[in-house]
Amino acid sequence: MTATRPISAPEADVSANGESPPVSDRVLVDAAAAGDRISYEALVHRHGPALHRFARRMLRDEGDVAEVVQDTFVAAWRQLGAFRGDSAVQTWLFTICSRKVIDSRRVKRAQPVDDRLLQPLVGNAGAVDPFAFASNSAFIAALEVALAELPPRQRASWLLREIEMMTFPQIGVVLALSPDAVRGHHHRARATLCDRLRRWR
């Protein structure tokens, strides 16, 4: 299989500043399924950081995280021909990643979150209110402990909603749950975190 030039937008689809609009995930998937490795590399570059961020918040060991992300993209490459577009490419990749995390957890128990990865949460407009104005290391440490103690589905629901900004139906696809079940897990996670971090209200 030979690499080809990345799929680009039609020449007519050029913005006023002379730049072509970003190529959609679906176009990249279709090109990759046809054998275009460069288009697949573009997908890896686009979604890799978010998958890595999610895996590192669900697993502690960096070796496990790297293996999960690598296995996710290997599995996705093998399944390109079967991708029907029933969900967004992002959702599809997170679904595979979530399964790989579960597989990893069967071997090693998930550990507390690395506090360096929680720094972006501080001041994040999408974060839960009690966290919005907290910016000290004590808060980060407390949030790390609280997140680590959440049941896996609650932690995943909270991370995918609050950090990755996914919708409840999308998270439901990722976690193989109904949207209502995801809302329930997210609600319980949020309530627990608010209770555990009440001193920062």
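Taking the fewest neighbouring Cβ atoms within 10 Å as the starting point, the ordered list for ASP86, ASP36 is ASP86, ASP36. Placing +1 on the Cβ of every Lys and Arg and -1 on the Cβ of every Asp and Glu, with nothing else charged, gives segment 21-111 a dipole about its Cα centre of roughly 420 debye.
Can you sort MET58, MET166 so the residue with the fewest Cβ neighbours within 10 Å comes first? Spell out each step's value before the answer.
Working: MET58 25, MET166 22.
The order, fewest Cβ neighbours first, is MET166, MET58.
Taking other Cβ within 10 Å of each residue's Cβ, how do SER24, SER98 sort, fewest first?
Working: SER24 12, SER98 25.
The order, fewest Cβ neighbours first, is SER24, SER98.
Bear in mind that the values in this text are calculations on the coordinates, not laboratory data. Bear in mind the structure is a predicted one, so any value in this text is a computation, not a measurement. When we count neighbours, we look across all protein chains shown, and the Cβ atoms used for this are built from the backbone with ideal geometry, even at glycine.
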